[in-house]
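For reference, the structure discussed in these notes is given below.
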Amino acid sequence: MAEALDAAWARSLEAAESRGQMGVAKAERQVAAAWLAGAPALELSQRQGRGAAADGARETEVGLLLPLWRPGQRQLGTQAAQVEQDWANASERAAKLRLLGQLRELSGALRAAQAELRQSEQQAQALQQLSLDVARRVQAGDLAPADALAAKAEWLAARALSVQAGQALLAQRSSWQLLTGLAEEAAPERAAVSLPEDEHPALRLAALSVERARQRVALGRAQRGGAPELGLSLRQERPGQGQPAQNSVGLSLRMPLGSEPPQQTQQLAAALAEEQLAVATAQRSRLQLEAEQALAQASLHSVAAQAAAERERAGLLRERALLLDQSFKLGETALPDLLRALSASAQAEAAAQTQEAAHQLAQARHQQSYGIFP
């Protein structure tokens with residue numbers, strides 16, 4: 001199942017989405033690690049005098065504007081970037097768990113189809129052998145020709161069911177191959193001996209979604225208004241008329257005043273709404289997961305009891321069919337009675353195998369509900 005999960009993950013759209021989320025988290029970490037709040041800007045200005053008195057006068061200024069972080073903004077950005085990366089990792093694991101649930105359901109359907117095909121093939125072989133035996137006894141005069149027709153009709157019906165079961169299995173295998181790219185399905189998983197100590201991937205993702213939303217709110221509040229700018233400039237003045245040039249260095253600090261732009265107000269409102277939604281989603285996810293775990297636990301015990309009962313019933317009807325078959329060969333049992341016994345035995349065998357597949361699927365669903373990976 002682990003191999004099938006890796007193969008299916010490599011082919012899934014969620015893998016591409018996860019790579020994109022990882023890229024966003026990496027970019028945010030790079031932004032938060034930068035010393036400046038934005039890209040620096042270069043300023044260049046020149047003024048030249050006019051008229052006879054200002055002949056040759058010229059002033060040239062070259063400046064560099066450096067956007068600065070607001071107090072605490074860089075630290076909040078670093079924390080938000082770390083939470084974003086943790087959220088991306090948790091999102092990937094939760095997506096893998098959902099994909100694993102699809103694989104487990106499909107694997108259970110495959111096992112049920114395989115069990116049905118095996119049972120129908122065995123039933124068809126048994127009825128074919130019975131039809132041949134009846135035909136020989138009809139030729140010997142021990143049975144009526146109607147018995148041969150009845151036995152052959154039962155054999156043909158069983159063969160038709162076998163073909164139908166084979167087609168159903170091919171459809172399930174096609175779905176498996178489409179999802180994983182593998183020709184062989186996964187083997188049944190063993191039941192979990194103990195519950196995992198790690199937090200369920202869905203709960204961890206919900207908790208990190210809340211923390212991610214809160215970090216975005218805090219970062220949005222810290223980013224209200226434009227970024228301060230530190231200016232460094234070099235000025236050269238030429239008074240003209242043969243006077244020497246004068247150089248000076250300037251240092252300036254630009255602090256934006258007034259209320260924040262409407263775009264930032266909108267972003268903060270969106271972050272607050274996202275926080276409220278994340279809190280509500282986390283609470284609902286925990287309640288839903290608890291209900292799923294309780295249902296999976298109860299279903300596992302119930303299906304296990306049903307599987308044991310069906311195995312015992314199939315064994316009893318199989319033994320009864322063998323006894324009636326021996327009695328039929330000795331001429332002590334009529335053919336209709338034997339056909340009914342064989343049909344009841346076949347149905348019981350099919351029910352037992354189907355219930356066994358359901359038991360394995362219940363085990364897989366139990367592991368799925370607790371977030372257990374193969």
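Is it the case that some residue within region 54-70 is of a type outside the set (S, T, N, Q) and farther than 30 Å from SER252 by Cβ?
Yes; the residues of region 54-70 include at least one that is of a type outside the set (S, T, N, Q) and farther than 30 Å from SER252 by Cβ.
Checking the condition within 29 Å of ALA2 (Cα to Cα), part of a helix (DSSP H, G or I) and charged (D, E, K, R), which residue from ASP133, ASP86, ASP147 passes? Break it down stepwise before answering.
Details: ASP133 fails: within 29 Å of ALA2 (Cα to Cα); ASP147 fails: within 29 Å of ALA2 (Cα to Cα).
Being within 29 Å of ALA2 (Cα to Cα), part of a helix (DSSP H, G or I) and charged (D, E, K, R) holds for just one of ASP133, ASP86, ASP147, which is ASP86.
Touching a Ser or Thr at 6+ places or on another chain (Cβ under 9 Å) and either assigned by TED's automatic domain parsing to the domain that holds PHE373 or modelled with pLDDT under 90 (or both), is that true of PRO188?
Details: touching a Ser or Thr at 6+ places or on another chain (Cβ under 9 Å): yes; either assigned by TED's automatic domain parsing to the domain that holds PHE373 or modelled with pLDDT under 90 (or both): yes.
So PRO188 passes the test.
Just checking, which of SER175, SER194, SER285 is within 29 Å of GLN363 (Cβ to Cβ), at pLDDT below 85 and of a type in the set (Ser, Thr, Tyr)? Can you show your working first?
Details: SER175 fails: at pLDDT below 85; SER285 fails: at pLDDT below 85.
Among SER175, SER194, SER285, only SER194 is within 29 Å of GLN363 (Cβ to Cβ), at pLDDT below 85 and of a type in the set (Ser, Thr, Tyr).
Is it the case that region 331-344 has a residue that's touching a helix residue (DSSP H, G or I) at 6+ places or on another chain (Cβ under 7 Å), surrounded by 13 or more Cβ atoms within 10 Å (Cβ to Cβ), without any contact (Cβ under 8 Å) to a residue 40 or more places away in the chain and part of a loop (DSSP other than H, G, I, E, B)?
The answer is yes; a qualifying residue exists.
Only residues in region 351-374 that are over 27 Å from GLU199 (Cβ atoms) count as the first member; pair them with residues that are surrounded by 20 or more Cβ atoms within 10 Å (Cβ to Cβ) and not hydrophobic (A, V, I, L, M, F, W, C), Cβ under 6 angstrom, at least 6 apart or cross-chain, and list the lot.
Listed by first residue and then by second, the contacts come to ALA351/GLU310; ALA352/GLU310; GLN353/GLN119; GLN355/GLU310; ALA357/ARG111.
Residue check: is ALA25 at pLDDT below 90, in a helix (DSSP H, G or I) and not polar (S, T, N, Q)? If you could, list the steps in order and put the result at the bottom.
Values: at pLDDT below 90: yes; in a helix (DSSP H, G or I): yes; not polar (S, T, N, Q): yes.
Against the criterion (at pLDDT below 90, in a helix (DSSP H, G or I) and not polar (S, T, N, Q)), ALA25 qualifies.
Is it fair to say ARG118 is basic (Lys, Arg) and at pLDDT 90 or above?
Numbers: basic (Lys, Arg): yes; at pLDDT 90 or above: no.
Answer is no for this residue.
Has region 307-322 got at least one residue that is under 29 Å from LEU99 (Cα atoms), surrounded by 15 or more Cβ atoms within 10 Å (Cβ to Cβ) and of a type outside the set (Asp, Glu)?
Yes, some residue in region 307-322 is under 29 Å from LEU99 (Cα atoms), surrounded by 15 or more Cβ atoms within 10 Å (Cβ to Cβ) and of a type outside the set (Asp, Glu).
Output yes when any residue across region 302-324 is outside the structural domain of LEU117 (by TED's automatic domain parsing), part of a helix (DSSP H, G or I) and under 27 Å from the mean Cα position of the chain (by Cα), and no when none is. First the steps, then the outcome.
We begin by selecting, within region 302-324, every residue outside the structural domain of LEU117 (by TED's automatic domain parsing); these are 302-324.
Those still in the list that are part of a helix (DSSP H, G or I) too: 302-324.
Going one step further and asking which of them are under 27 Å from the mean Cα position of the chain (by Cα), we end up with 303.
Yes: one or more hits.
Criterion first (among the hydroxyl-bearing types (Ser, Thr, Tyr), over 46 Å from the mean Cα position of the chain (by Cα) and assigned to a helix (DSSP H, G or I)) does SER327 satisfy it? Quick ask: steps written out before the conclusion?
Numbers: among the hydroxyl-bearing types (Ser, Thr, Tyr): yes; over 46 Å from the mean Cα position of the chain (by Cα): yes; assigned to a helix (DSSP H, G or I): yes.
When the stated conditions are applied, SER327 passes them.
The values are calculated or read from the model by the stated rules, or taken from the named source; none is laboratory data. Because the structure is a prediction, the values reported are computed rather than measured. Ideal geometry is used to build each Cβ from the backbone, glycine not excepted, and the neighbour counts take in all protein chains shown.
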